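A short worksheet on the structure shown next.
The values are calculated or read from the model by the stated rules, or taken from the named source; none is laboratory data. Everything quoted here is computed from the prediction, not taken from an experiment. Cβ placement follows ideal geometry from the backbone for every residue including glycine, while neighbour counts extend to all protein chains displayed. Accessible surface is based on the protein model in full, side chains and every heavy atom, while ligands, DNA and RNA are left aside. Shrake-Rupley method; radii C 1.70, N 1.55, O 1.52, S 1.80 Å.
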Amino acid sequence: MPSPDPNDEPAAALWQQLTRWSGNRTRSDLMIDIGLGRKIASIVAKRLARVIAERGGARPDAVTLSRRHFAANEGDEPAASQGLVTIDGSEGASIQLATCCRPIPGDGIVGYLGRGEGLSVHTAECTVGKRLYERDRERWLPVEWSEQPVRPFETAINVLVQNGKGVLASVAAAVSGAEADITHLDMGEERAAESAELRLLLSVRDRQHLAEVQRTLKRAKSVLRVARVKS
């Protein structure tokens with residue numbers, strides 16, 4: 001770890017480069033963010049190792065160990081198959097699942113480390129994420145799902161239904177029958193039309209579970225079409 005002594009010019013230059021990357025004003029602010037869970041220590045350590053390597057310095061033992069744990073080789077980029085961060089649903093405020101695409105286990109995912117923010121996880125095909133990638137490629141990190149997530153995850157679907165008595169009850173029963181939960185429901189404005197589009201926010205275990213919910217909904221008499229909402 002570089003010395004915190006402000007009179008140590010090489011170390012001070014390293015801290016300045018690291019805090020500029022992290023979006024913090026000072027080294028102390030960065031340490032506080034790590035302590036509060038706003039920044040992920042392993043990600044900061046990887047970036048520090050990269051900065052040191054670019055400057056031609058020797059890597060500290062702790063950072064070397066971190067890089068060996070999170071990377072498959074000695075290159076600057078970690079191997080995508082290993083995933084720098086594992087998502088299991090127990091993460092705090094430092095990791096957020098993007099609401100534009102609402103990733104769930106089974107989706108290909110990537111992580112965007114915002115400036116002064118935590119890690120935002122997007123699906124690999126998210127259009128919002130792709131725009132962020134084109135704008136700021138160096139802030140993207142590989143992430144992966146845990147083999148055993150600890151909670152359900154929310155995702156959204158659109159359901160086109162034929163208007164009629166008991167339609168909402170039929171949809172709710174189908175979702176419940178697939179062992180999922182509706183956490184939010186929006187209806188279209190034209191309720192007097194022959195059909196209406198419902199947007200459901202569902203709580204599901206993973207992508208396979210979502211597919212089961214969709215199949216169950218499609219078998220409901222009043223349902224005309226079901227599709228997952230993608231950004």
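Structure data summary
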quantity: Residue in segment 154-165 that is open to solvent by less than 60 Å² (accessible area, probe 1.4 Å), under 11 Å from the mean Cα position of the chain (by Cα) and not acidic (Asp, Glu) present; calculated: no
quantity: Selection count where residues are open to solvent by less than 40 Å² (accessible area, probe 1.4 Å) and in contact (Cβ under 8 Å) with a residue 24 or more places away in the chain, scope segment 195-216; calculated: 12
quantity: Boolean, Arg225 is modelled with pLDDT of 95 or more, over 22 Å from Gly89 (Cβ atoms) and open to solvent by 60 Å² or more (accessible area, probe 1.4 Å); calculated: yes
quantity: Filter result (modelled with pLDDT of 90 or more and open to solvent by 50 Å² or more (accessible area, probe 1.4 Å)) within segment 111-128; calculated: Ala124, Glu125, Thr127
quantity: Unique residue being on the phi > 0 side of the Ramachandran plot and modelled with pLDDT of 90 or more when the list is Arg151, Arg131, Arg102; calculated: Arg102
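For every residue, the table says whether it meets (1) closer than 30 Å to Ile43 by Cα; (2) free of Cβ contacts under 8 Å to residues at least 24 places away in the same chain; (3) not basic (Lys, Arg).
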site: Arg131; (1), (2), (3): yes, yes, no
site: Trp140; (1), (2), (3): yes, no, yes
site: Gln148; (1), (2), (3): yes, no, yes
site: Thr155; (1), (2), (3): yes, no, yes
site: Thr183; (1), (2), (3): no, no, yes
site: Ala220; (1), (2), (3): no, no, yes
